[in-house]
1. Among residues other than L54 whose Cβ falls under 15 Å from its Cβ, what is the net charge (Lys/Arg +1, Asp/Glu -1)?
2. Report the label-to-label distance for T12 and M85 in nanometres (one decimal), using points 7 Å from each Cα along the Cα→Cβ vector.
3. Go ahead and run the numbers for FRET between R64 and F281, Cβ-Cβ distance against an R0 of 35 Å, rounding to 0.05.
4. Just order 214-220, 240-246 by mean Cβ neighbour count inside 10 Å, highest at the front, would you?
5. For region 102-154, what class follows from the C-alpha gyration tensor (a ≥ b ≥ c being the square roots of its eigenvalues): rounded when a/c is under 1.5, otherwise prolate if a/b is larger than b/c, else oblate?
6. Give the aspartates and glutamates whose C-alpha is closer than 13 Å to that of K80, dropping any in the same chain fewer than 8 places away, or say none.
7. Specify whether the C-alpha gyration tensor of region 41-126 places it in the rounded, prolate or oblate class, a ≥ b ≥ c being the square roots of the eigenvalues: rounded for a/c under 1.5, otherwise prolate if a/b is larger than b/c and oblate if not.
8. If you average the C-alpha positions of region 133-147 and of region 61-126 separately, how far apart do those two centres end up, in angstrom?
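Taken together, the values in this text are just the output of simple stated rules run on the coordinates, not laboratory data. From a predicted model like this one, the values you see are computed outputs, not experimental measurements. Reconstructed Cβ throughout: ideal geometry from the backbone, glycine too, with neighbour counts over all protein chains shown.
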Amino acid sequence: MGNTFKTALLLTAMTLLLMAIGRAFGGSNGMLLALGIAAVTNFVAYFFSDKIALATYRAQSVTRDELPRVYDVVERLTQKIGLPMPKIYVIPTDSPNAFATGRNPAHASVAVTQGILNLLSDEELEGVLAHELGHVNNRDILISSIAATIAGAITYLARFGFFFGGMGGDREDRRGGGLSSILMLILAPVAAMLIQLAVSRSREYQADATGAHFTGNPYALANALAKLDAYSHRLPMAGTPSTAHLFIVQPLLGMNFGSLFSTHPPIAKRIERLTGRPAEFPQVR
């Protein structure tokens, strides 16, 4: 299933879901209102999903002078493989991670955390950046960003109904709260299902393979993945379930619905595919 078809399917599913909710609570008028909301949501998801993802993690745009270490690597790789130079962002957290986002290669961004810059060697960082450029080259970034925006919108809708449904004190309010609780239990898995359908685990394997091909050094990425897995458990990242699939390693630890939204294959299997031998993980103190 191509990414273009998946994108259209996601936007259509979002529209139909909102219209069904609007009809259930407001009849024909509610359905028309939901259709208008869906149109705005789909527009925002297509054109601004990357900016939403970056803003969610307070990513800050950096210049070449501010971060030459990353700029030099990305510029060398993009020239080698014929991609436009993406915008570079830094996320102010000590947890090591990275992701790529954007509508297409001409409007791509690569974000790295401060923690990954402190943790990895230059060779390992190149492997991670090549992986993210692999997502750009494989055109994964649009569907991933839209999936994050739509799943986030559905999850917030469920929480909104849950919060306001539980505020009343009489029998009708309690009944409404019960309905909202059911709505949340239904909508959260729906959001997760949309991400699972749009973002297959194979995309991480493909980006690993593409990145290793770009650098010619699969062991650098394998070493980076081992470090990232070990240190992300020591310094867990405060992520949101709907955006977890964007990152090179799963940032969610102990969060509600986190397992539902899991889209990452096991790190050990990714390393084994890269190197052809069992993974070895560093000791973290």
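1. +2
2. 4.1
3. According to the calculation, E is roughly 0.55.
4. Ranking the peptides 214-220, 240-246 by packing returns 240-246, 214-220.
5. Cα axes put region 102-154 in the oblate bin.
6. Reachable aspartates and glutamates: D72.
7. Oblate, since a/c reaches 1.5 and b/c is not below a/b.
8. Their Cα centres are 15 Å away from one another.
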